[in-house]
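See structure below.
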Amino acid sequence: MERIRGDMLKYSGYRIGAFLVITLLLVLSSSSGLMAAASTTVSIDDVRVPSGDTATVELWALNVTDLAIFDITISYNASVVNVTGAENNPELGDSLNNLENAGNGSVRLASYGYKHEGEGLDGDVLLSTLTLQAVGEIGDTSNLSIGINTLADSSEVDIPADVWNGSVSIIQAKEAEEGEGGSSGASGVSSDEPSTNIEMYEKRDQYLYADREVTYSFTSEVPVYELAVRATSNTGLISAQVELLKDLSGRVSGPPDGVVYEYINIWLGKGDFGSQSVKEAVIRFRVSKDWVSEYDVDSVLLMQYSDGGWVELETARIGESGGDLLYESSTDHLSSRFAIVGTAEETASTPVSEENLVKTTPERATPERATEGEEGVGFPIPGFGAIFSLIGLLATVFLLRGRL
């Protein structure tokens with residue numbers, strides 16, 4: 001009986017040990033999949049070029065860490081479009097671009113940063129801006145295909161990356177000026193803010209498409225770092241401009257309730273384009289953690305000046321980056337004035353003193369595109385070292401069980 005009982009315990013030990021090891025291997029596989037989902041992506045935008053004209057398109061490395069070296073080939077149909085120039089990001093060091101085969105449908109872009117270990121670029125990094133010449137006929141299209149030869153960090157270790165290819169379409173010149181759907185608006189904005197009240201501004205140009213989200217990315221110290229626009233129709237080149245104001249604009253009736261972090265203007269296109277041709281716009285902005293702590297802010301809101309008064313937009317915290325908290329709000333029209341406002345429970349119904357209406361924003365970090373949720377990341381993914389240690393421990397238990 002004792003021998004039978006021992007054999008049963010040994011068999012039971014094998015079953016339990018095998019079950020635990022298999023479970024941990026499944027967790028390891030799942031963790032690897034989650035990590036891969038947040039991988040670096042090398043991306044190039046879609047672009048539309050008027051027949052016989054030129055346009056620029058940007059090549060990006062998204063969600064990258066410690067980037068120091070890149071060597072990438074861009075391929076295309078040379079009967080449709082030709083690359084006539086490329087300017088690499090100077091922060092990545094020396095450019096070694098080769099455009100000798102541009103007429104045959106490919107260019108090779110490279111930069112070598114020679115940076116000290118750990119001093120590469122992080123986040124969403126602009127690699128190069130290409131100039132395209134439309135040489136085909138109206139209606140012709142071509143892929144802009146990415147081939148990664150090298151993508152490496154400051155220690156010259158390869159960075160795994162996915163690719164997001166783009167395309168180029170040749171359109172009529174009229175479409176670039178008026179849009180395929182007849183929308184007005186061309187490159188440039190209509191801002192009526194006196195220049196004496198603008199501390200800084202940044203402008204970006206994009207082609208907009210009906211029911212398709214197009215993102216303007218801003219890299220300066222303006223609080224808005226992304227503006228995602230879904231237009232009502234296809235358009236030509238449309239400018240978006242964000243202005244950081246020194247003080248409350250003289251063109252509004254008064255300040256909003258709460259403690260004002262910053263006053264900003266967002267203009268889209270010329271004339272009434274921003275108010276008539278936007279289906280939805282998502283405004284992503286940042287607020288200093290130090291400011292939130294200093295004023296004991298309980299919640300942050302984006303308010304929009306509309307129809308003679310301040311309107312509260314639904315605002316959600318989407319993560320953090322460096323010393324900033326990141327938020328987003330949505331609206332159905334732009335070319336308007338906005339205020340980033342903080343409220344606190346104990347002062348929500350108390351008038352705010354005049355000197356606290358505007359505060360200077362501390363230095364901000366560049367936000368990362370992949371951000372944490374409002375409550376932060378839930379269950380952290382265990383490190384590979386910890387998982388393998390646990391597997392080793394269970395394997396030991398498993399062997400000891402087998403000897404019983």
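The values are calculated or read from the model by the stated rules, or taken from the named source; none is laboratory data. In this text, all values refer to a predicted model and were calculated from it rather than measured experimentally. Note: ideal-geometry Cβ built from the backbone for every residue, glycine included; neighbour counts use all protein chains shown.
Going by the structure shown, is A134 at pLDDT below 90, closer than 30 Å to S233 by Cβ, over 23 Å from the mean Cα position of the chain (by Cα) and of a type in the set (G, A, S)?
The answer is no for A134.
For the stretch 64-118, enumerate the residues that are surrounded by 17 or more Cβ atoms within 10 Å (Cβ to Cβ), closer than 17 Å to I146 by Cβ and hydroxyl-bearing (S, T, Y).
Listed by number, the residues that qualify are S75, Y76, S106, S111.
With respect to L126, is the statement that it is under 13 Å from Y76 (Cα atoms) and part of a strand (DSSP E or B) true?
So L126 fails the test.
Going by what's in this entry, would L127 be described as within 17 Å of V42 (Cβ to Cβ) and buried (at least 21 other Cβ atoms within 10 Å of the Cβ)?
When the stated conditions are applied, L127 passes them.
Go through the stretch 45-101 and count every residue that is among the hydrophobic types (A, V, I, L, M, F, W, C), within 13 Å of L132 (Cα to Cα) and at pLDDT 90 or above.
9
Pick out, from the stretch 239-356, the strands (runs of 3 or more DSSP E) lying fully within it that include 2 or more residues that are modelled with pLDDT of 95 or more and under 21 Å from K203 (Cα atoms).
259-268, 278-288, 299-306, 324-331, 336-343
Could you say which residue among I138, I146 is in contact with a strand residue (DSSP E or B) (Cβ under 7 Å, 6 or more places away or on another chain) and either closer than 12 Å to I69 by Cα or part of a loop (DSSP other than H, G, I, E, B) (or both)?
On the way: I146 fails: either closer than 12 Å to I69 by Cα or part of a loop (DSSP other than H, G, I, E, B) (or both).
When all the criteria are applied, what remains is I138.
Given the structure, is S239 within 19 Å of A210 (Cβ to Cβ), surrounded by fewer than 20 Cβ atoms within 10 Å (Cβ to Cβ) and in contact with a Ser or Thr (Cβ under 8 Å, 6 or more places away or on another chain)? Walk me through how you get there before you give the answer.
Numbers: within 19 Å of A210 (Cβ to Cβ): yes; surrounded by fewer than 20 Cβ atoms within 10 Å (Cβ to Cβ): no; in contact with a Ser or Thr (Cβ under 8 Å, 6 or more places away or on another chain): yes.
So S239 does not fit the description; no.
May I ask you to list the residues in the stretch 149-165 that are of a type in the set (A, V, I, L, M), assigned to a loop (DSSP other than H, G, I, E, B) and either surrounded by fewer than 18 Cβ atoms within 10 Å (Cβ to Cβ) or free of Cβ contacts under 8 Å to residues at least 40 places away in the same chain (or both)?
V157
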